[in-house]
1. Output the number of the condition that residue 178 fails; it satisfies all remaining conditions of (1) in a loop (DSSP other than H, G, I, E, B); (2) more than 24 Å from residue 230 (Cα to Cα); (3) touching a helix residue (DSSP H, G or I) at 6+ places or on another chain (Cβ under 8 Å).
2. Looking only at residues that are surrounded by 12 or more Cβ atoms within 10 Å (Cβ to Cβ) and over 25 Å from the mean Cα position of the chain (by Cα) in the range 212-228, which one is farthest from residue 195 (Cα to Cα)?
3. Please tell me if residue 23 is closer than 23 Å to residue 164 by Cα, in a helix (DSSP H, G or I) and either touching a residue at least 40 places away in the same chain (Cβ under 8 Å) or in contact with a helix residue (DSSP H, G or I) (Cβ under 9 Å, 6 or more places away or on another chain) (or both).
4. Can you work out which of the residues in the range 114-139 that are without any contact (Cβ under 8 Å) to a residue 60 or more places away in the chain and in a loop (DSSP other than H, G, I, E, B) is surrounded by the most Cβ atoms within 10 Å (Cβ to Cβ)?
5. Output yes when any residue across the range 175-192 is in contact with a strand residue (DSSP E or B) (Cβ under 9 Å, 6 or more places away or on another chain), surrounded by 15 or more Cβ atoms within 10 Å (Cβ to Cβ) and under 26 Å from residue 67 (Cα atoms), and no when none is.
6. Would you call residue 202 free of Cβ contacts under 8 Å to residues at least 60 places away in the same chain, crowded, with 16+ Cβ neighbours inside 10 Å and not in a loop (DSSP other than H, G, I, E, B)?
7. Determine whether the range 34-46 contains at least one residue that is closer than 15 Å to residue 20 by Cα, touching a residue at least 60 places away in the same chain (Cβ under 8 Å) and exposed (fewer than 15 other Cβ atoms within 10 Å of the Cβ).
8. Scan the range 104-113 for residues that are outside any strand (DSSP E or B) and either within 20 Å of the chain's Cα centre (by Cα) or closer than 24 Å to residue 46 by Cα (or both) and report the count.
């Protein structure tokens with residue numbers, strides 16, 4: 001079964017939309033199938049502003065209606081205390097909000113962009129999706145990440161090569177409390193490195209210090225520009241270190 005067959009069997013579809021390549025491709029396919037589809041983007045403290053801008057731009061590009069929902073994830077103690085299963089509780093909260101708003105809009109079926117390459121056994125957030133009844137058409141149809149990127153490129157989606165982006169909370173070690181200030185610092189630091197030309201990286205908080213992890217294709221450049229990199233974000237942390245191994 002392909003995604004077209006999936007959408008043809010559903011009269012109304014709500015899509016949890018992040019602005020990444022997976023959900024962008026899924027939304028484009030849903031719109032192209034002629035389904036009655038609406039995208040829902042949740043803005044919380046864990047999403048940087050550029051993700052919302054991407055979501056708005058992409059929804060407009062594929063001709064889909066977009067509803068934005070504000071969620072205070074830090075108001076949930078099981079999220080803010082940052083236990084090992086934080087993602088489970090966060091996903092319950094965020095997807096629960098999408099389900100609530102979508103149902104009020106008349107959309108009973110909610111889908112997300114989980115694909116066939118995702119290891120659902122290793123990520124507690126996927127357990128929440130199953131419990132909430134969220135469907136994952138890309139996974140159900142056996143479509144892998146590489147296939148999604150290829151098809152997204154063919155559809156002209158400019159995020160076809162966008163690196164996977166985990167939420168800002170992943171930069172803070174499990175068990176260390178998540179605060180709005182820590183998230184603000186992380187978003188600012190990563191924004192500055194993006195402006196320097198780096199694309200696939202993470203700035204991890206280690207107490208008051210930063211550990212910068214950069215993908216292999218830009219790692220050597222980061223090491224060469226280490227002083228410039230440290231100067232760019234040094235005012236945000238006590239110390240800045242580049243991980244000697246590529247991420």
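The values are calculated or read from the model by the stated rules, or taken from the named source; none is laboratory data. What you are looking at is a predicted structure, and each value in this text was computed from that prediction instead of being measured. Glycine also receives a Cβ, built like all others from the backbone with ideal geometry; neighbour counts cover every protein chain displayed.
1. Going through the list (1) in a loop (DSSP other than H, G, I, E, B); (2) more than 24 Å from residue 230 (Cα to Cα); (3) touching a helix residue (DSSP H, G or I) at 6+ places or on another chain (Cβ under 8 Å), residue 178 breaks only (2).
2. First pass over the range 212-228, keeping only residues surrounded by 12 or more Cβ atoms within 10 Å (Cβ to Cβ): 212-215, 218-219, 221-223, 225-226.
The next check asks that each one be over 25 Å from the mean Cα position of the chain (by Cα); those that pass are 221, 223, 225-226.
Values: 221: 14, 223: 17, 225: 14, 226: 15 Å.
So the residue we want is 223.
3. Values: closer than 23 Å to residue 164 by Cα: yes; in a helix (DSSP H, G or I): yes; either touching a residue at least 40 places away in the same chain (Cβ under 8 Å) or in contact with a helix residue (DSSP H, G or I) (Cβ under 9 Å, 6 or more places away or on another chain) (or both): yes.
Taking the combined requirement at face value, the residue satisfies it.
4. Among them, the one singled out is 136.
5. yes
6. Working: free of Cβ contacts under 8 Å to residues at least 60 places away in the same chain: yes; crowded, with 16+ Cβ neighbours inside 10 Å: yes; not in a loop (DSSP other than H, G, I, E, B): yes.
In short, yes.
7. No; the residues of the range 34-46 include none that is closer than 15 Å to residue 20 by Cα, touching a residue at least 60 places away in the same chain (Cβ under 8 Å) and exposed (fewer than 15 other Cβ atoms within 10 Å of the Cβ).
8. Here is the first cut: in the range 104-113, the ones outside any strand (DSSP E or B) are 104-108, 112-113.
Filter once more, so that each one left must be either within 20 Å of the chain's Cα centre (by Cα) or closer than 24 Å to residue 46 by Cα (or both): 112-113.
Residues flagged as outside any strand (DSSP E or B) and either within 20 Å of the chain's Cα centre (by Cα) or closer than 24 Å to residue 46 by Cα (or both) within the range 104-113 amount to 2.
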